[in-house]
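Input: a single structure, listed below in structure tokens.
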Amino acid sequence: MARTQAVDYAQRRERIVDSAARLFSERGFLGTSIADLADACRTSKSLIYHYYASKEDILFDVMHSHVKALLDAAEEIAARPLEAPEKLKATTTAFMQLYLGAAHRQRVLLNELDNLPNDQRKIVVDIQQRLIRIVEATLAEIRPVLTANNPLRTPAAMLYFGMINWMHTWLDPDGRANPAHIAELASSIFLEGISGSASLS
């Protein structure tokens, strides 16, 4: 007879992922063992393996849950009837909130991608590419010169991500600078720069 799934199965997996995100962020994926994770979850190694077949599967869920949340937010904003500059501002604010709310996952995403098996890494990278395409499309609305053939189209999008991707390392969400105001500042700096840049012509 097949073993029935606990009613809180998903919640237990999420607790494992939360703990793993913190440990992988602080110690690195290679520096964290399943025993370490079991201790952090106050459970046994065998129970961890009941929910996940391998440490790599846990790493994948840490990353996939994060990039999927970013993609869901970006796609929802892209579908809104907003002017392109407002879309970029809304996207930046959403990304900021997700980065700060999942700082450990963001750090793991940036530092541990090479430790995923090829098939799982491809899934994460494909989602990242979809995020880049969404930002590229928004930037092309702002500066129509950024057509698909423009060699600066992707670099422009990557410059945008480069500006915001590391905010979780230095921005205190409880500090004097309101995260929403920082998101607005980042959007304004980027919009003013890309709108007036003669190098795109």
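The values are calculated or read from the model by the stated rules, or taken from the named source; none is laboratory data. As the structure is a prediction and not an experimental result, all values here were calculated from the model. Neighbour counts are summed over all protein chains in view; Cβ atoms, including those assigned to glycine, are modelled from backbone coordinates with ideal geometry.
Brief remarks on what is shown
- Criterion applied to L146, L98, L109, L152 was being modelled with pLDDT of 95 or more and not small (G, A, S), and the one residue passing it is L109.
- Within the stretch 58-77, restricting attention to residues that are free of Cβ contacts under 8 Å to residues at least 40 places away in the same chain and within 20 Å of A10 (Cβ to Cβ), the residue that is surrounded by the fewest Cβ atoms within 10 Å (Cβ to Cβ) is D72.
- Top-ranked residue of the stretch 27-55 - restricted to ones that are surrounded by 14 or more Cβ atoms within 10 Å (Cβ to Cβ) and touching an Asp or Glu at 6+ places or on another chain (Cβ under 8 Å), ranked as farthest from R107 (Cα to Cα): Y52
- Among (1) farther than 23 Å from R22 by Cα; (2) touching a residue at least 60 places away in the same chain (Cβ under 8 Å) - the single one L82 does not satisfy: (2)
- Residue in the stretch 164-181 that is modelled with pLDDT under 95, of a type in the set (G, A, S) and within 17 Å of the chain's Cα centre (by Cα) present: no
- Scope the stretch 134-159; condition over 24 Å from the mean Cα position of the chain (by Cα) and of a type in the set (G, A, S); matching residues: A148
- D119 vs. criteria among the charged types (D, E, K, R), farther than 17 Å from A20 by Cβ, part of a helix (DSSP H, G or I) and out of contact with any helix residue (DSSP H, G or I) (no Cβ under 7 Å at 6 or more places or on another chain): yes
For every residue, the table says whether it meets (1) of a type outside the set (D, E, K, R); (2) in contact (Cβ under 8 Å) with a residue 40 or more places away in the chain; (3) in a loop (DSSP other than H, G, I, E, B); (4) in contact with a Phe, Trp or Tyr (Cβ under 8 Å, 6 or more places away or on another chain).
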| position | (1), (2), (3), (4) |
| --- | --- |
| I127 | yes, yes, no, no |
| E136 | no, no, no, no |
| N150 | yes, yes, yes, no |
| M158 | yes, no, no, no |
| D172 | no, no, yes, no |
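- Among the residues making up the stretch 16-37, those that are part of a helix (DSSP H, G or I) and within 20 Å of L100 (Cα to Cα) are I16, V17, D18, S19, A20, A21, R22, L23, F24, S25, E26, R27.
- Test set (1) closer than 16 Å to S197 by Cβ; (2) buried (at least 17 other Cβ atoms within 10 Å of the Cβ) - E112 fails condition number: (1)
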